[in-house]
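Below: one structure, written as structure tokens.
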Amino acid sequence: MHRIIIYPLALMMLSVSQPACAQQSPNVGVETTAVDLAQVTPIIARVKAAYGGEKLENLKSLRVQTDRGLAWPGQGQTADFVEFISDISDFQVDLINERASRERWVSQNGGIYLTRQVSAPDGGVAYINYNTGTFELHEEGKFHRSFGVELTGTDTLIAYALVKGADVTALEEPVYYLGKWHDRIKMKIAPTNPESTAYIERDTGLIRRFEVKLQNDSWNAIFDHYETSNGITYARERMDYRNDEMVQIDPNRRHTFNNVRWSKLKLEDDLVSTPEEVDISKMTVEHMTPSIHHAGQEDYSTFIDAGDYIIGINPYDGLKDRFKAYQDDRGHAKPLRYVLATHHHRDHISGVSEAEELGAIIVGTPMTIKILKADDAHKAAKLQTLAIRDSIGPIQTYTIATSHAAEYALIYIPEGKVLYQDDHYNADLVGGPSHVNQNGLELQKRVNELGLDVKIILSGHARKAETWIDFEKSATKETLGDICPRNREICRDQ
């Protein structure tokens, strides 16, 4: 019996909690046993009939093309509301041979990204970046772990999993949802998988909602507007919620059944292996000048010795560990007086509580400070708002607008001619500059407009200090490439 195994969901697989259902059945949910299968079997039979009967059971391949609006809560261009970005996806899966491809073309906060993950011919999974023309092969990549999110991305594949023998762990209490009674089947499809619950409309057998309980969140996919193609049913519309926030809407999903060929899922011959990347596996402290140091592991903060005190840049989560590594390296215990945030995005202020514990004043753009003041967790924080042009000790700040954030603080340190920025350019390659996206071009333009004399560029997402000369070499049109690289179908007509 073929079994779809779905592993723990990836970073962007969020969760939804819908309002509590108004009416409940008096029946009590029970753990599924051999006796209880008499109750579960007719429900799954209704699902099978609703989605195409034998045609669903004998499904060999599926292609799902989507153009969804995707929200990243806390990552909007402004702090007032979340903008939905364009996220176009093309997922093709060979269910019999367990091979798949997922290609994504995303335009997010000024950056353009075209990536694909595809099963490799000799096993494993290849991760392709078409913007750079490179790929990285994960030989130990597993089909279900690599494509598990996509295998729950459509109600048809959830129905397929139920019909083909996914483990059922409980028959939960029926609920009155969206005006109709729904049976609820709890699915434990793999031992490491979070428990998921399928809401099955009793009258029709259609899956209307799929709920996943994560450690701290609930993710709900809501399906609607059903169509039939080649005798198999699918929901054309899907909406996703993380807790009570809508994070995704996909109103026109196109499904094609039994028309996927392995020749369409191949790894192109003209791609090259990803160049060697800088090692970020250990905590490091990089010396820029006698007074400027860049410390971290995966995420980084820059510390500036201002004489009697230290200024920190970038309050990511883990700030205290980075500051301790810096203190140990320098052999002193000068206090951290200021910590500067470049912009309001959630990851860039996730370590503010640690900055408070260290006694630092948190400095940011008006938008950043507005968010912190609205958060009860930071009621006691010492906050300071940047002017358009400002200075904190020996550093200079320039609050500008970019496509990434409506208020963004560029930080310039005249000693060493060092520019600190986040999210516009990350230097992560050994022996040469990294790829410059559209955000990097905008950074270059803003720096030139300000007339800043930059020698070194730093980032909170990269260990490596890039020379401005190398950055500008990489910011040429030839290096940047087309917005739709290689004339790929997914973005050719956009």
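Structure note, pairs Lys142/Lys282; Lys320/Lys445; Lys334/Lys445; Lys142/Lys320; Lys373/Lys455: Cα-Cα distances above 32 angstrom occur for Lys320/Lys445; Lys334/Lys445; Lys142/Lys320; Lys373/Lys455. Ordering of 385-391, 151-157, 231-237 by packing is 151-157, 231-237, 385-391, highest average first (other Cβ atoms within 10 Å, averaged per residue).
Given the range 387-494 reduced to its alpha-carbon atoms as identical point scatterers, what log10 I(q)/I(0) does the Debye formula return at q = 0.19 Å⁻¹? For the range 387-494 at q = 0.19 Å⁻¹, log10 I(q)/I(0) is -0.99. Take 138-145, 125-132, 84-91 and order them by the average number of nearby Cβ atoms within 10 Å per residue, most first; the result is 125-132, 84-91, 138-145.
Helical content of the chain, expressed as a calculated mean residue ellipticity at 222 nm, amounts to -5000 deg cm²/dmol (DSSP H runs of 4 or more residues, -39,500 (n - 2.57) each, divided by residue number, nearest 500). With a ≥ b ≥ c the root eigenvalues of the C-alpha gyration tensor of the range 211-299, is it rounded (a/c under 1.5), prolate (a/b larger than b/c) or oblate? Verdict is oblate for the range 211-299.
Would you work out if the range 243-358 is rounded, prolate or oblate? Take a ≥ b ≥ c from the square roots of the eigenvalues of the alpha-carbon gyration tensor; rounded if a/c is under 1.5, else prolate when a/b is larger than b/c, oblate otherwise. Judged from the Cα gyration tensor, the range 243-358 comes out oblate (a/c at least 1.5, b/c at or above a/b). What angle do you read, to the nearest 10 degrees and between 0 and 90, between the alpha-carbon axis of helix 438-450 and the longest principal axis of the chain? That works out to roughly 20 degrees. Sequentially through the range 76-81, phi angles give Karplus couplings (6.51, -1.76, 1.60; θ = phi - 60°) of x, 5, 10, 8, 7, 7 Hz, Gly and Pro residues having no value and appearing as x. For the range 278-321, the solvent-accessible area works out to 39 Å² per residue, with a probe of 1.4 Å and every protein chain left in place.
Are any of the pairs Lys164/Lys186; Lys48/Lys186; Lys382/Lys417 more than 20 Å apart by Cα-Cα distance, and if so, which?
Table pairs above 20 Å Cα-Cα are Lys382/Lys417.
The angle between the Cα long axis of helix 37-50 and the longest principal axis of the Cα atoms of the chain comes to about 80 degrees, rounded to the nearest 10. Among rounded, prolate and oblate, which fits the range 127-237 when a ≥ b ≥ c are the square roots of the eigenvalues of its C-alpha gyration tensor, a/c under 1.5 means rounded, and a/b larger than b/c means prolate? Prolate shape, in that a/c is at least 1.5 and a/b is the bigger ratio.
Of the heavy-atom accessible surface of the chain (probe 1.4 angstrom), what whole percent is carbon and sulfur? Carbon with sulfur: 49 percent of the solvent-accessible area. Per-residue Karplus couplings for the range 171-176, computed as 6.51 cos²θ - 1.76 cosθ + 1.60 with θ equal to phi - 60°, are listed in order as 9, 7, 4, x, 10, 8 Hz, Gly and Pro entered as x. Each peptide among 180-187, 309-316 gets the average number of other Cβ atoms lying within 10 Å of its residues, and from highest to lowest they stand as 309-316, 180-187.
For the range 369-494, the per residue solvent-accessible surface stands at 48 Å², with DNA, RNA and ligands left out and a 1.4 Å probe. Summed over the residues of the range 94-173 and divided among them, the accessible surface reaches 35 Å² per residue at a probe radius of 1.4 Å.
The values are calculated or read from the model by the stated rules, or taken from the named source; none is laboratory data. Note that the coordinates shown come from a computational prediction; the quantities given were computed from them, not determined experimentally. Methodologically, a virtual Cβ is constructed for each residue, glycine included, from the backbone with ideal geometry; neighbour enumeration extends over all protein chains shown. Heavy atoms of the whole protein, side chains included, go into the accessibility calculation; ligands, DNA and RNA do not. Shrake-Rupley method; radii C 1.70, N 1.55, O 1.52, S 1.80 Å.
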